[in-house]
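This report refers to the structure that appears directly beneath it.
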There are 2 protein chains.
Amino acid sequence: MTQLSIIFLGTSGSWPTVKRNVSAIAIKRGSEILLFDCGEGTQRQFQKSNASYMQISKIFITHFHGDHFLGLPGLIQTMQLNDRKKSLSIYGPKGINQLMENILNLGYFHPDYKINTYELNDEDSLHFGEYTINIIKVDHGVTTLGYSIQEKSRPGKFDKKKALKIGIPEGPLFSKIQKGETITLKNGQIIKPKQILGPARKGRKIVISGDTKPTKKMIDFAKFADILIHDSTFDSKLKDIANDYGHSTAYQSAEIAKNAKINKLFLTHISPRYLDNEILEKDARKIFKNSYVARDFQEIEVNYVG
Amino acid sequence: MTQLSIIFLGTSGSWPTVKRNVSAIAIKRGSEILLFDCGEGTQRQFQKSNASYMQISKIFITHFHGDHFLGLPGLIQTMQLNDRKKSLSIYGPKGINQLMENILNLGYFHPDYKINTYELNDEDSLHFGEYTINIIKVDHGVTTLGYSIQEKSRPGKFDKKKALKIGIPEGPLFSKIQKGETITLKNGQIIKPKQILGPARKGRKIVISGDTKPTKKMIDFAKFADILIHDSTFDSKLKDIANDYGHSTAYQSAEIAKNAKINKLFLTHISPRYLDNEILEKDARKIFKNSYVARDFQEIEVNYVG
C-alpha cells in the first residue's frame, strides 16, 4: 500500500510571519514528492521538515503572485548544488513557460539538469500511472488553478472464506486474484477476481483550491475528497474584503467542504493578522466540524477509507 | 552618539541550512538600516530578528549569485504590502539595473514606491552626510564588490579642567565647543575648539568583503577597521577548493585582519559542511585572536574606540 501524506510547508497568506512561511504544500506519495506552490524560503522549510527537496519530481504552481512562486529559483539552484541529475517538471497556468525562462535567467545560474515546463488549462487532466492530476480554473482575479490528486481505484477486499470454499489453495493464487488477475485451478476451473473480491475501492483524493473566492464548481471538483485544502485567508467578519481580493473566508471554505461531502478540511493561506487558529476554526466548524487550520510542518497521513 | 550595530541575518554559504540562512547583513545606524546582500528568506530573517525591514533605506548587493540576491523580489513586495511609501535605493555591480528590471517583472507585481538602482565600480565612493560607503572590486570569478562604511571623524574629547581654567563658564558654551564651534567669552576672549578638545576621533569603520579569495588590496581597504566581515567558506585544509572557487579560508581572512590591523573579525559565508564554529575559529585564531564565526541573528554593537 503506497504511503500518501501531506506536509504543509507554508500556510501564510501574502507574506510570511515568524510562525508561518508563504505558500507551499508537499504531497509525498511513495518515494516521490509533488510540490504545490513554492513561496520564498520553501527550500529551507524542506530542510526543517521530514521531507527532502531532492525527492521532488513535479512542481505545480497555482498562480503568479510572488508568495506562490518566488522560492523556485533558489530551490532549483540548491538542487543542482546538491547534484540533482534527474529532470524536473514544472506545471502552471499559461505564462509558466515565460516565467521559468525569466527565473532561469536571473544572475549567473543555469541548471545542468533538465527542467520541463507545461502550461495547463481549465479541466485538463494529467495521467501519471497510479494517479491523475485534475486541473480547475478558480476565481482569484488573476488566472489561478486548483489541483486534485486522484488515485486510481484499487481492487476490492479479498474474501478469504469464499476463496477457500471455491477451492483455491492458499498461496500464490490468492495474490494473483488480489491483483485482479483471472486464474485457472488445477481442475480446470476458471475463477474471475470479481467472484472473490468485493467492490472496487476508490483511490485517495486530495484537492488544493489555490487562492480563490468560493466557487460553485469547486463543489463538484472536490466531491468526496479525503482532504480538501482550501484558501481561508479571512474569517466571516471580513467576508467582503476576502471576496473583493479573490479569497475565501473559513466559513465559505467549510460550506464547500460540506456540500462536496469531503472528509477533512484544512484551511490555509492564513492572513498574518491571525495570531492563533481559534477564530478561523470556530468560523469553519459552525458548518463543517472536521475543519482545521493548517500549521507549518504539520504532516497528514492520508489513509484508505474502507 | 549615533547607535551603530551589525545584525547577521544570513551566514551560510551557497545554500541555507537549518541553522544558517543565505547571505544578508543588516547594519543599523540610528533609525536607518543598510542591508548588504539579500539572500532568499531575508524578509523572514528580519521578522525573527530585532530589526525591521521597514527601516531599510539602502540595499547593497555584492554579486549576482542567487544566494546573495534572491530575497529581493519578496522583500520589495512585502514592504509594499506593508504600505512602504518612501523610495528605496539598490546598489550593486554593473548589471544591477538589468537584474532589478527582470526581478520587478516576475509575476504580477509592480511596486508603487520608487526604486532607484545604481551601478557601482571599483574605488567608487558614495557620500551620505555622516558616513561614506567605499567600494572595492574583489576576486570571486564573477564581478563582485566589497563595501566599507566609514563614518566621518568626530571632534576630540572635551577637556573640562582646561575649559574651566581658561574661564569658560559651565553651560551652553561647553556644548558649542564640543560641537566644534569657536566661541567668544564675555571678556572678549576668543576660544577655538582645538584649545579645549583633544585630537579628532576617527569615525567607526565596518568592512564587508563579499565572496572573495584573499586579495592584497583588501588589506589597505580594511585598514584599521573596527569590524571586518570576511568570506570564510572553508578552513585551511580545504584551501585549494576555497581559492579555486573564489573563496577564502578562515586562516586567510585572519591574515588579512592581522595585516590590516583591524579590531574584530567576523567570519561568514560558512560552508554547510561545518556543523559548529570550532574548526573555523581555531583556524583563524592561529594568526588573529579576535576572530569569530558569525551566527544568524547575532547582533554586534560597534562602539567608538577612545
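The values are calculated or read from the model by the stated rules, or taken from the named source; none is laboratory data. Predicted, not measured: the structure shown is a model, and the values here were computed from it. Positions of Cβ are generated from backbone atoms using ideal geometry, with glycine treated the same way; all protein chains shown enter the neighbour counts. With ligands, DNA and RNA removed, areas are computed over all heavy atoms of the protein, side chains included. Shrake-Rupley method; radii C 1.70, N 1.55, O 1.52, S 1.80 Å.
Taking 0.36 nm per intervening residue step and subtracting the Cα-Cα distance, what contour gain separates residue B:190 from residue B:2 on full extension?
Values: separation 188, 0.36 × 188 = 67.68 nm, distance 3.02 nm.
Additional length available on full extension: 64.7 nm.
In peptide A:76-84, what is the residue-averaged number of other protein chain Cβ atoms found within 10 Å of each Cβ? Walk me through the intermediate numbers first.
Working: counts 1, 7, 8, 1, 1, 5, 3, 0, 0.
Whole-number average of other-chain Cβ neighbours for A:76-84 is 3.
At a probe radius of 1.4 Å, what is the per-residue accessible area of residue A:37, in Å² to the nearest 10?
Spelled out: residue A:37, probe radius 1.4 Å, area about 10 Å².
In chain A, what percent of the accessible surface is made up of carbon and sulfur (1.4 Å probe, ligands and nucleic acids excluded)?
The computed percentage sits at 50.
In a Gaussian network model over chain B where Cα atoms closer than 10 Å are linked, find which of B:23, B:175, B:248 has the largest mean-square fluctuation.
B:175
Could you tell me whether the stretch A:24-154 comes out rounded, prolate or oblate from its Cα gyration tensor? Rule is a ≥ b ≥ c as square roots of the eigenvalues, rounded for a/c under 1.5, then prolate if a/b exceeds b/c, otherwise oblate. Write down the numbers at each step before the final one.
Numbers: a/c = 1.61, a/b = 1.18, b/c = 1.37.
Verdict is oblate for the stretch A:24-154.
Between residue B:160 and the same site in the other copies, what are the distances in nm, shortest first, taking label points 7 Å from Cα along the C-beta direction?
9.4
Evaluate E = 1/(1 + (r/R0)^6) for residue B:112 and residue B:52, where r is the Cβ-Cβ distance and R0 equals 22 Å; express this FRET efficiency to the nearest 0.05.
Step by step, r from the Cβ atoms, then E = 0.70.
At residue A:172, with labels set 7 Å past Cα in the Cβ direction, how many nm apart are the copies from this one, shortest first?
From this label point to the equivalent ones elsewhere in the assembly: 10.7 nm.
From the protein chains alone at 1.4 Å, what is the descending order of accessible area for B:58, A:179, B:186, A:152, largest first?
Sorted descending by solvent-accessible area, the residues read B:186, A:179, A:152, B:58.
Going by Cα centres, the stretch A:70-134 and the stretch A:156-179 are how many Å apart?
The two parts, judged by their Cα centres, are 45 Å apart.
Rounded, prolate or oblate: which fits the stretch A:180-224, taking a ≥ b ≥ c as square roots of the Cα gyration tensor eigenvalues, rounded meaning a/c under 1.5, else prolate when a/b beats b/c?
Prolate.
If I model a spin label as a point 7 Å beyond the Cα along the Cα-Cβ vector, how far apart are those points for residue B:121 and residue A:224 in nm?
Taking the two extended label points, one gets 7.1 nm.
Could you name the residue in chain B with the C-beta closest to the rotation axis that superposes chain B on chain A, along with the separation in whole Å?
Its Cβ sits closest to the axis: B:41, 2.
How high is the FRET efficiency between residue B:132 and residue A:31 when r is their beta carbon distance and R₀ equals 56 Å, given to the nearest 0.05?
According to the calculation, E is roughly 0.50.
If the label for residue A:245 sits 7 angstrom from Cα along the Cα-to-Cβ line, what are its distances to the same label in every other copy, in nm to one decimal, shortest first?
4.1
Can you run phi through the Karplus equation (6.51, -1.76, 1.60; θ = phi - 60°) for the stretch B:44-54 and list ³J(HN,Hα) in whole Hz, with x for Gly and Pro?
Couplings: 6, 4, 4, 4, 8, 10, 8, 10, 10, 5, 6 Hz.
For residue B:169, what is the net charge nearby, where nearby means another residue's Cβ is under 13 Å from its Cβ and Lys, Arg count +1, Asp, Glu -1?
On the way: positive: B:160, B:165, B:176, B:186; negative: B:170.
My count for the surroundings of residue B:169 gives +3.
Would you tell me the accessible area of residue B:302, worked out with a 1.4 angstrom probe on the heavy atoms of the protein chains, in Å² to the nearest 10?
Accessible area of residue B:302: about 10 Å².
Please report the accessible area of residue B:192 (heavy atoms, 1.4 Å probe, ligands and nucleic acids excluded) in Å², nearest 10.
Approximately 110 Å² of residue B:192 is accessible to the 1.4 Å probe.
Rounded to the nearest 100 Å², what is the sum over both chains of accessible area buried where B meets A, with a probe of 1.4 Å?
3000
Kindly flag which residue pairs out of A:223/A:282; B:28/B:258; A:19/A:205; A:152/A:205 have an alpha-carbon separation exceeding 20 Å in this structure.
A:223/A:282; B:28/B:258; A:19/A:205
Taking the alpha-carbon centroid of each part, what is the distance from the stretch A:187-238 to the stretch A:1-33 in angstrom?
A separation of 19 Å, based on Cα centres.
Just to be sure I follow: if Rg is taken over the C-alpha atoms of chain B and Rh is the Kirkwood radius over the same atoms, what is Rg/Rh?
My calculation of the ratio gives 1.05.
So what is the relative contact order of chain A, in percent, for Cα pairs below 8 Å that sit 6 or more residues apart? Write down the numbers at each step before the final one.
Details: 695 pairs, mean separation 51.7, N = 306.
Answer for chain A is 17 percent.
With a 1.4 Å probe and all protein chains in place, put A:100, A:54 in order of accessible area, largest first.
Values: A:100 5, A:54 60 Å².
Highest to lowest solvent-accessible surface, that is A:54, A:100.
Nothing charged except the Cβ atoms of Lys and Arg (+1) and of Asp and Glu (-1): what's the magnitude of the dipole of the protein assembly as shown about its Cα centre? Round to the nearest 20 debye.
The calculation lands at about 1560 debye.
For a label point 7 Å from the Cα of residue B:273 along Cα→C-beta, name the residues of the stretch B:1-40 whose backbone N is under 15 Å from it.
Counting backbone N atoms under 15 Å from the label point, the list is B:13-15.
Pull up the cross-link candidates among the aspartates and glutamates for residue B:137, meaning alpha carbon to alpha carbon under 16 Å and not fewer than 8 places away within one chain.
Cross-link targets: B:37, B:119, B:122, B:123, B:124, B:211, B:220, B:231.
Give me Rg/Rg_expected for the protein assembly as shown, where Rg uses Cα atoms only and Rg_expected = 2.2 N^0.38 Å with N residues.
1.22
Per 0.36 nm of contour for each residue apart, how much would the distance between residue A:179 and residue A:238 grow if the chain were fully extended, relative to their Cα-Cα spacing?
16.1 nm
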